[in-house]
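The values are calculated or read from the model by the stated rules, or taken from the named source; none is laboratory data. Predicted, not measured: the structure shown is a model, and the values here were computed from it. Every residue, glycine among them, receives a Cβ derived from its backbone with ideal geometry; neighbour counts consider all protein chains shown.
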Amino acid sequence: MNFGVECSHCYFISNNDYDKDVRLWQSYIEDGKIVAVENNELYQRIKGRIKDEYVDSLPSNFDSVFDIFIQNTFVHKSKLQLSTYTTQTAGMFFDQLANKNIPTDTAHLIFQQLVNDVRKKSTEQIKTPISFKSLVDKKGIEISKINDKINSTISKKGNYTDFYEYLSTQGLTDKELHCIESAKTLHDSRWLNVNDFKYQEIVITLRKVISTYIECMGDFYDASVLEKECMHELLKQGLSSQSLDRTLIEVLYYEQRFSKEI
């Protein structure tokens with residue numbers, strides 16, 4: 001609880017269920033009723049719990065701040081679960097990017113950057129009392145900065161048109177270009193399916209092998225050698241798949257080359 005600032009509304013979100021007292025409290029403020037008037041026993045019980053929690057750092061203005069807190073705090077139960085929050089969030093995130101017409105490898109990069117930002121913020125240590133401004137600086141992620149990061153990454157990594165123009169410079173035949181474009185469409189569709197865990201594991205493994213190959217071989221591309229290395233690593237990881245073919249490896253290879261050259 002922040003005793004250093006008076007805010008119009010505060011929100012607490014958890015993936016746990018709330019007890020009867022919290023649900024009753026919320027029903028009063030959602031209906032615009034005064035908790036202390038409607039149910040003074042509940043009001044005093046919640047106040048007592050918070051006093052017990054902050055017994056060693058109770059400020060002199062506790063009573064007045066608590067009256068604001070009790071009438072202006074909303075609690076919500078999140079659908080995100082700790083065990084699956086990354087994949088759940090990924091699905092929602094990729095849905096929001098669907099109209100931006102960018103490659104999924106670029107979208108995946110943006111998502112990973114944002115997840116890393118949130119994880120970094122979550123480990124920030126704070127001490128109360130603390131001002132609302134300082135709390136936001138330490139624990140918050142600004143929407144405007146998220147948009148700037150997305151737009152910046154898109155401008156650096158390009159879009160589908162840029163990617164296909166890049167492919168046309170790689171000495172591929174029309175048939176090869178068509179196969180890669182078709183394979184990329186299928187790959188992007190499967191990659192966005194957050195429930196296809198095995199496919200995502202396969203792609204992540206392939207990307208690591210391809211990245212190592214590019215670092216060692218530079219611009220030299222031997223499709224047969226790379227395919228053997230990829231298949232060997234998949235077998236080693238227990239991720240072999242009969243649906244995997246060379247075209248997916250080519251898609252991932254050219255995506256990485258494209259990203260490095262922009």
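Data overview
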read-out	value
Number of the exception - Leu172 against (1) loosely packed, with under 13 Cβ neighbours inside 10 Å; (2) assigned to a loop (DSSP other than H, G, I, E, B)	(1)
The stretch 178-222: number of residues that are closer than 19 Å to Leu167 by Cβ and assigned to a loop (DSSP other than H, G, I, E, B)	5
Residue list for the stretch 116-145, restricted to those being outside any helix (DSSP H, G or I), at pLDDT below 70 and more than 13 Å from the chain's Cα centre (by Cα)	Thr123, Thr128, Pro129, Glu142
Of residues in the stretch 50-100 being among the aliphatic types (A, V, I, L, M) and at pLDDT below 65, the one surrounded by the most Cβ atoms within 10 Å (Cβ to Cβ)	Ala90
All positions within the stretch 223-257 that are assigned to a loop (DSSP other than H, G, I, E, B), without any contact (Cβ under 8 Å) to a residue 40 or more places away in the chain and touching a helix residue (DSSP H, G or I) at 6+ places or on another chain (Cβ under 6 Å)	Gln237, Ser240
Set Asp174, Asp196, Asp162: member being more than 30 Å from Lys121 (Cβ to Cβ), of a type outside the set (Gly, Ala, Ser) and modelled with pLDDT under 85	Asp162
Unique match (being assigned by TED's automatic domain parsing to the domain that holds Arg246 and more than 16 Å from Glu255 (Cα to Cα)) among Asp188, Asp174	Asp174
Matching residues, the stretch 1-20, being over 27 Å from the mean Cα position of the chain (by Cα), at pLDDT 65 or above and not in a helix (DSSP H, G or I)	Asp19
Residues of the stretch 21-68 classified as closer than 17 Å to Ile130 by Cα and either in a loop (DSSP other than H, G, I, E, B) or in contact with a strand residue (DSSP E or B) (Cβ under 7 Å, 6 or more places away or on another chain) (or both), total	8
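Matching residues to (1) aromatic (Phe, Trp, Tyr); (2) assigned by TED's automatic domain parsing to the domain that holds Arg257; (3) at pLDDT below 90:
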site: Ile204; (1), (2), (3): no, yes, yes
site: Arg207; (1), (2), (3): no, yes, no
site: Tyr213; (1), (2), (3): yes, yes, no
site: Cys216; (1), (2), (3): no, yes, no
site: Val225; (1), (2), (3): no, yes, no
site: His232; (1), (2), (3): no, yes, no
site: Leu239; (1), (2), (3): no, yes, yes
